[in-house]
Amino acid sequence: MAVELEHPFTTAKPIDESYETLLDLERVIGCVEGGSVLEKTGPESARAEIKIKLGAMALTYTGTVEIVEQDPEAHRIAVSVKSKEAGGQGYANADVVFTLADGGGTIQTKAQITGTAASMGEGVMQGVLDALIKDFSGKLGAL
């Protein structure tokens, strides 16, 4: 199942400071509800885990988060997330693009999900991802 979402966020920080903050994967991953860094694997990559609740069911995904593109002039950062469902056959991968402007920016997410989470249905998954990213964008703006 493929899901595409776009969310705005606001911040009182200057655009260059926000850009530098987004390059700090440990801080950014910590803004994701249920997300944590397991280990830093390089200057622009980390092994991470996220625990997601889908009603009475809880799923854990582990994988890599990597900055794949940086454009300081355009204040744009692209991140690739590749994760596998713990104890299952499914995966949740995403391409996330942060585009900054004065006072905030946008988060564009293209996610591909299979396995247990996908079996819940597209509407449920879109709702869960939408809520997760809205929460994330609020925390990101406060960094």
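The values are calculated or read from the model by the stated rules, or taken from the named source; none is laboratory data. Please read these numbers as outputs of a predicted model, since none were measured by experiment. Cβ placement follows ideal geometry from the backbone for every residue including glycine, while neighbour counts extend to all protein chains displayed.
Is it true that Ala94 is touching a helix residue (DSSP H, G or I) at 6+ places or on another chain (Cβ under 8 Å) and surrounded by 15 or more Cβ atoms within 10 Å (Cβ to Cβ)? Taking the combined requirement at face value, the residue does not satisfy it.
Here's a check for you: in the range 101-143, which residue that is outside any helix (DSSP H, G or I) and small (Gly, Ala, Ser) is farthest from Ile29 (Cα to Cα)? Reasoning before the result, please.
Looking only at the range 101-143, we keep the residues that are outside any helix (DSSP H, G or I), and these are 101-117, 121, 143.
Now narrow it down to the ones that are small (Gly, Ala, Ser): 101, 103-105, 111, 115, 117, 121.
Details: Ala101: 21, Gly103: 21, Gly104: 18, Gly105: 18, Ala111: 16, Gly115: 23, Ala117: 20, Gly121: 26 Å.
It comes out as Gly121.
Listed by first and then second residue, the pairs linking a residue in the range 92-108 that is β-branched (Val, Ile, Thr) to a residue that is modelled with pLDDT of 95 or more and not in a strand (DSSP E or B), with Cβ atoms under 9 Å apart and 6 or more places separating them unless they lie on different chains, are Thr99/Ala74; Thr99/His75.
Scanning the range 59-81 for residues that are farther than 12 Å from Leu22 by Cβ, of a type in the set (D, E, K, R) and surrounded by 15 or more Cβ atoms within 10 Å (Cβ to Cβ) yields a single hit, Glu66.
Just give me the residues in the range 118-139 being among the hydrophobic types (A, V, I, L, M, F, W, C) and in contact with a Gly (Cβ under 9 Å, 6 or more places away or on another chain), in sequence order. Correct list: Ala118, Met120, Val124, Leu132, Phe136.
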